Structure formats: C-alpha cells, structure tokens
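S.K.: First, the structure itself, so that you have it in front of you.
The values are calculated or read from the model by the stated rules, or taken from the named source; none is laboratory data. Not measured: the values here are computed from a predicted model. Positions of Cβ are generated from backbone atoms using ideal geometry, with glycine treated the same way; all protein chains shown enter the neighbour counts.
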Amino acid sequence: MMPSGAASTAAANDVRCGVRSPTASVEHPSDQIALLRRPYYGERIMSDARLLALVSLSDGAKHGYSIQHDIDTFAGVRLGPGTLYGALASLERDRLIEALPSQERRRPYRLTDAGRRHLDRQLDELERIQQRAARVRSA
C-alpha cells in the first residue's frame, strides 16, 4: 500500500514523464502543460548515449570531441557535452571503458575487454530486435 500522498506524487511524475496512467491527475497548472507536450523523441532517432559511445570506441581510443563527432557521423545523433560526458563517466565507473593518460588538454578513452564483450552482447540483442521488427513490418 502506498503512503498518503505517494499516489498523487507518482501520478504527477507519470504526467511529467509523458506517461498517461489511469491514476494520473492534474493537480498543478504546470502538469497541464506537460500533458500537452509532444513526446520528446517525436521524429528523432532514439539512442542510448552509452551504446553509441561504445560503438565509437570500438575502432580505437578517442577523446570526447572525437567521440562526439564520430557519433554524429555514423548515427546522425548530436550528443551534448553533458550527455556524452555523463555516459563516459558511467561507462568508466562500470569498467567498460578506461581513461588513458591525457594528451595536452584531451583525455582519450578506450574500450576494456569487458566493454568489448558488453558491446558484442548489446549488438547481438539489437540484431534480435531488428529481426523481430522485420517480421512485424512484413506481416
């Protein structure tokens, strides 16, 4: 059982995240605006910054700007610095990448063995998803 007020907080969070749940209620004027917003991705390509960074690093060590440019080139996705460096920090914390010694002001990163294995598993999973989507599309 939810504590008093938790249901309305959860419903407000659902509204702010663009999720309409049966329990969602509009209790504040800013929540009404959230209901009217278009979904964030709309026509954009959905992406995972961590996966894109791993793919970029799969062909060798790169520093942040090079990773950002590479992702923009191969995926058509422009990651902002906060998104990119947040993803890199998360990957480094999970030991999927490692920072190399700085070169001037630039700090290059490279995949670890664990990062390469993780990337391989992720790409296998994406391939299974793509095969399923192809079956759905052709039906």
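S.K.: Can you spot a residue in region 103-113 that is of a type outside the set (V, I, T), under 18 Å from the mean Cα position of the chain (by Cα) and assigned to a loop (DSSP other than H, G, I, E, B)?
M.R.: No.
S.K.: Find the residue count for region 46-76, including only residues that are farther than 18 Å from T112 by Cβ, at pLDDT 95 or above and not in a helix (DSSP H, G or I).
M.R.: 0
S.K.: Could you grab me the full set of residues in region 65-74 that are touching a helix residue (DSSP H, G or I) at 6+ places or on another chain (Cβ under 6 Å) and of a type outside the set (V, I, T)? Before the answer, list the steps.
M.R.: First, the residues of region 65-74 that are touching a helix residue (DSSP H, G or I) at 6+ places or on another chain (Cβ under 6 Å): 67-68, 70-71.
Within region 65-74, Q68, D70 qualify.
S.K.: In region 77-95, what residues are part of a loop (DSSP other than H, G, I, E, B) and surrounded by 13 or more Cβ atoms within 10 Å (Cβ to Cβ)?
M.R.: First, the residues of region 77-95 that are part of a loop (DSSP other than H, G, I, E, B): 77-80, 94-95.
Hits for region 77-95 are V77, L79, D94.
S.K.: Do we find a residue being at pLDDT 95 or above and loosely packed, with under 10 Cβ neighbours inside 10 Å anywhere in region 111-122?
M.R.: The answer is yes; a qualifying residue exists.
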